[in-house]
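The structure appears right after this line, and notes come after that.
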Amino acid sequence: MKFEQLEQLVKIKECGSISKAAVELHVAQSTLSTSVKNLEEELGCKLIERANKGVTLTSAGTEVYNQSKAICEMVYNMKKSISGETDEDKVLSVSNNYSIIGKDMFIALYNKYSGKHCKFRIQEASVSEAIENVASGVSEIGLVRFPEDNRDMHLRTMKRQGVEYHRMSLKRMCVVIGEKNPFYNMEANTIKLEHLTQFPFAGYYDEESDVIFEKLLPRTKRLKENISIGSVDHLKEVIRNTDAFTLDVYKEKEFNSEWYEGVRYIPITPTIWCEFGWIKKKERELSPIADEYIHDLDRHFKEFWKDRDDIV
């Protein structure tokens with residue numbers, strides 16, 4: 001029996017539905033159903049009854065729920081006592097893989113809780129740095145994105161460091177240019193990197209987009225050197241004010257960032273897919289404010305961004 005199974009049963013009771021509980025817990029419905037089934041088998045009794053309008057607890061399920069809820073509250077209070085946090089304290093610490101939407105949602109949550117005994121920490125990080133920060137406890141959660149072809153490599157690293165990954169979306173990689181680049185005003189639906197050999201590539205230090213660029217367009221085929229950038233804001237200014245270009249994922253509709261003003265996204269051909277997701281340390285329960293942050297991100301993706309299955 002695992003502590004997370006008790007948490008899951010509590011959440012199912014509170015939501016009245018396995019599907020709704022799965023959304024709240026950020027897990028697949030099939031995963032949650034299997035977890036409940038395993039708990040029932042271990043306890044030797046049926047815990048829930050499924051119906052068209054949701055689920056209800058059996059008499060044994062009600063007893064297990066009451067004890068599970070008490071255990072969850074006890075563990076939660078113990079964690080607060082050890083960390084020194086009070087009921088009013090909220091701490092959100094994020095390692096953000098140069099994601100604009102991650103920054104925007106962070107700011108939105110800060111504005112919501114500003115002045116309410118909250119602490120907010122966000123730092124830009126490469127994928128490897130985000131994994132290390134979450135594994136070491138420097139950040140509670142990390143936002144990561146990487147080419148689909150690199151997925152297995154990163155998952156092995158996460159597993160080795162005890163980090164849990166949750167995919168949120170799969171987006172198309174694009175070239176991003178500003179008004180000073182000649183391609184900005186051209187009527188083109190797609191673009192090949194070979195067309196941009198005369199312009200400098202602007203990227204972060206040792207980031208995934210840099211790896212893609214180096215792989216697709218070897219240094220011998222370029223006329224200009226790369227421009228290395230240390231933050232999203234610096235990259236934005238370089239793209240807006242020079243003929244340089246960068247790589248980013250396809251954005252169907254913006255949130256509230258100024259980044260999108262004066263820049264254009266053109267999908268790369270042949271198509272490259274980039275995966276976006278979040279990570280946390282295994283066996284670590286998300287704090288309420290971190291859970292809200294992830295929930296807000298997930299809702300935004302579903303509302304505004306097209307996934308691969310919606311595009312192809």
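The numbers here are math on the coordinates, done by the rules we state, and not lab data. This structure is a prediction, so every number in the text was calculated from the model and none was measured. All Cβ positions, even for glycine, are placed from backbone atoms using ideal geometry, and neighbour counts span all protein chains on display.
Hey, what's the per residue convex hull volume over the C-alpha atoms of segment 3-83, in cubic angstrom?
In segment 3-83, the Cα convex hull volume per residue is 89 Å³.
As a quick test, which of the pairs Lys103/Lys282; Lys90/Lys280; Lys171/Lys236; Lys11/Lys280; Lys103/Lys280 have an alpha carbon distance above 22 angstrom in this structure?
In this structure, Lys103/Lys282 lie more than 22 Å apart at Cα.
On a full-extension model of 0.36 nm per residue, what is the gain between Thr34 and Leu155, subtracting their alpha-carbon distance, rounded to one decimal in nm?
Computed gain between Thr34 and Leu155 is 41.3 nm.
Give the residue list of chymotrypsin sites (Phe, Trp or Tyr not before Pro) in segment 168-207 that are DSSP loop and have at most 13 other beta-carbon atoms within 10 angstrom.
Qualifying residues, ordered by number: Tyr205.
With a 10 Å Cβ neighbour count serving as the proxy for reagent exposure, in which order, fewest first, do Ile100, Ile107 appear?
Ile107, Ile100
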